[in-house]
1. Output the qualifying pairs, or none if there are none: Cβ atoms under 7 angstrom, residues six or more apart or on different chains, first residue in region B:1-24 and more than 14 Å from chain A (Cβ to nearest Cβ) and closer than 23 Å to B:L121 by Cβ, second residue open to solvent by 70 Å² or more (accessible area, probe 1.4 Å) and not in a loop (DSSP other than H, G, I, E, B).
2. Does any residue of region B:197-206 turn out to be modelled with pLDDT of 95 or more, surrounded by 20 or more Cβ atoms within 10 Å (Cβ to Cβ) and part of a strand (DSSP E or B)?
3. Please go through (1) at pLDDT below 95; (2) over 17 Å from A:F295 (Cβ atoms) for A:P178 and return the number of the only condition it doesn't satisfy.
4. Go through (1) more than 28 Å from B:Q189 (Cβ to Cβ); (2) open to solvent by less than 10 Å² (accessible area, probe 1.4 Å); (3) not polar (S, T, N, Q) and name the single condition B:D67 misses.
5. Given the criterion surrounded by fewer than 20 Cβ atoms within 10 Å (Cβ to Cβ), touching a Phe, Trp or Tyr at 6+ places or on another chain (Cβ under 8 Å), touching a residue at least 12 places away in the same chain (Cβ under 8 Å) and not polar (S, T, N, Q), identify the matching residue among B:A159, B:A168, B:A144, B:A130.
6. Run down B:T153, B:T149, B:T194 and say which single residue is polar (S, T, N, Q), more than 9 Å from chain A (Cβ to nearest Cβ) and open to solvent by 10 Å² or more (accessible area, probe 1.4 Å).
7. Collect the residues in region A:123-139 that are within 15 Å of A:N224 (Cβ to Cβ) and of a type in the set (V, I, T), keeping them in residue-number order.
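The values are calculated or read from the model by the stated rules, or taken from the named source; none is laboratory data. Note that the structure is a prediction, hence the values are computed from the model and not measured. Glycine gets a Cβ as well: all are built from the backbone with ideal geometry, and neighbour counts include every protein chain shown. These area figures cover heavy atoms from the full protein model, side chains too; ligands, DNA and RNA do not enter into them. Shrake-Rupley method; radii C 1.70, N 1.55, O 1.52, S 1.80 Å.
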2 protein chains.
Amino acid sequence: MKLATLKDGTRDGRLIVVKRDNTAYALATNVALTLQAALDDWETKEPQLRALDAQLEAGTVQSRPLDVSALHAPLPRAYEWVDGSAYLNHVILVRKARGAEPPETLKTDPLVYQGGSGDFLAPTADIPLADEAWGLDFEGEVCAILGDTPQGTKAENAAPHVKLLMLANDVSLRNLIPNELAKGFGFFQSKPATAFSPFAVTPDELGAAWHDGRIHLRLRSVLNGQQVGDTDAGPEMHFSFFDLIQHLCKTRSYTAGTILGSGTVSNADRERGISCLAERRMIETIEQGAPKTPFMKPGDTIDIEMTDAEGRSVFGRISQKVVKVP
Amino acid sequence: MKLATLKDGTRDGRLIVVKRDNTAYALATNVALTLQAALDDWETKEPQLRALDAQLEAGTVQSRPLDVSALHAPLPRAYEWVDGSAYLNHVILVRKARGAEPPETLKTDPLVYQGGSGDFLAPTADIPLADEAWGLDFEGEVCAILGDTPQGTKAENAAPHVKLLMLANDVSLRNLIPNELAKGFGFFQSKPATAFSPFAVTPDELGAAWHDGRIHLRLRSVLNGQQVGDTDAGPEMHFSFFDLIQHLCKTRSYTAGTILGSGTVSNADRERGISCLAERRMIETIEQGAPKTPFMKPGDTIDIEMTDAEGRSVFGRISQKVVKVP
């Protein structure tokens, strides 16, 4: 089942169910007005949404053609956005880029940060940039939307808490990071609003590609019309979503609708390309002595998408342009 | 005007208006079901809530006796919880306690971290603690609840974005902090669920005590029945709420209902006592060579309250007990 949120001028939009082939949708507001409302009462709402989805596939309910530009993020705002950094190749390259060592506990203790969650970008929203010197970068990620998840949840019991999966563009301002991290309180200004994919889908929609708490599909990143990455989101996710959930739940509980990100999808095989520019710049530094690729500037575009074995876009396409703001 | 949230078994509770003397309340659900709903439409809802408040004070609307234990946090969950560290005395003492230097930009660049906001504690809720070795500490703070606040908001234009004020107990797990900060991504497991005061009040309720983006009143902390702090929240808040808002808004916007904390209220004058145990332990280390005061353990209680010039409790009392959980 694929869910999405139609912009309607309200803060949280209107919940829709999207046809498997991404061409049409049915309003789900008879079941729940918003995706958050559905997640708040998932035990009741999920079967009702699945029934509507079955009607949509069967053509027995009114549907309308889908226009992705009319969609907001599945959750236009969320109660938490917790982002991991589970692909170790990314951690190693990005730390090298800023002259920092990977943490000693790299392989045993997940890295996560708490992101801002009150004002997300739609999948086709412009990325506002006030100052080019901030070093705007995209970061292609996979995400889980959690149901209620209590303190103490262990990895082996985490699977039922993953209700939906989607993609993120975790926009980063690379040149603000070093000074911010030097202060010791983690990222803040260096992480502006994140964008999410058009659709949030139930894990069963991915079939065998969802297993072990990882999405075993390729994430494609296209910068200014040129493919720059075709990374495998599966095996190199060192900490699975289940591992990350165990880490999150050590000292507190999470409300339904919490978004958990994987961190930038990254492969050691350089043929696979990159899901963020910081990695390419580091590779250039290693190979050529200095970064050649600039960070993003107004007018640049980034598309992020994941296709399944049949070439079908699973989550729809994040497709954004950087725009100068005052 | 004082607002609060009555527990009713739902996730977000029911909005009430509280009488100025804290003895009674009127249901505000005819105006807005929840505080978040009121904040989402504040221009319309605020005057309606003020009209109800006037009726409550005049005794012309049905009221009920107030039982603080029936209250949830004003926002039982919020879209963002951003916590500053604006009292420099606290930053200096706590960094000294963990052998770290204050950042070079201590006086010019505010420290803020993004906190978990999906599952807050009620003002009289037990503080769950799974492991005493984590070093549980309280932190008495003052907070602002923001309305919609756009990217680029400057300190001089920030005042209208502060809709409500309240107190927080920003519970911290001190012994988890050093390893977590060493990883470079800021606090996460070391910041479990935060508790908030019973009432969130409009700034005008404080009269002259609210000026320059600071609350010029004393914050009293009572540990196991003994007063340990009577700190002045005013002049030593180096960065005002307005300064913090400017810092937050450099690279993104905030939705209504975002909570902004001051950080632990702390005074250089040791006669004023402390609003967290980490400070007392550091003072003991300086004066006696080692910390004497243990962190909190199951059975310990902490009360946090702020009274005005007439001795009236402005925000109601945070009153919590630490309880062992599996």
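1. Close Cβ pairs satisfying both conditions: B:T5/B:R14; B:L6/B:R14; B:D8/B:R14.
2. Yes, the conditions are met somewhere in region B:197-206.
3. (2)
4. Of (1) more than 28 Å from B:Q189 (Cβ to Cβ); (2) open to solvent by less than 10 Å² (accessible area, probe 1.4 Å); (3) not polar (S, T, N, Q), only one is false for B:D67: (2).
5. Matching residue, one of B:A159, B:A168, B:A144, B:A130: B:A159.
6. Residue meeting the stated conditions: B:T153.
7. If the condition is that a residue be within 15 Å of A:N224 (Cβ to Cβ) and of a type in the set (V, I, T), then A:I127 is the only one that fits.
Quick grid of which residues meet (1) open to solvent by less than 10 Å² (accessible area, probe 1.4 Å); (2) small (G, A, S):
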| residue | (1), (2) |
| --- | --- |
| A:A233 | yes, yes |
| A:F239 | no, no |
| A:F242 | no, no |
| A:Q246 | no, no |
| A:R280 | no, no |
| A:G289 | no, yes |
| A:K297 | no, no |
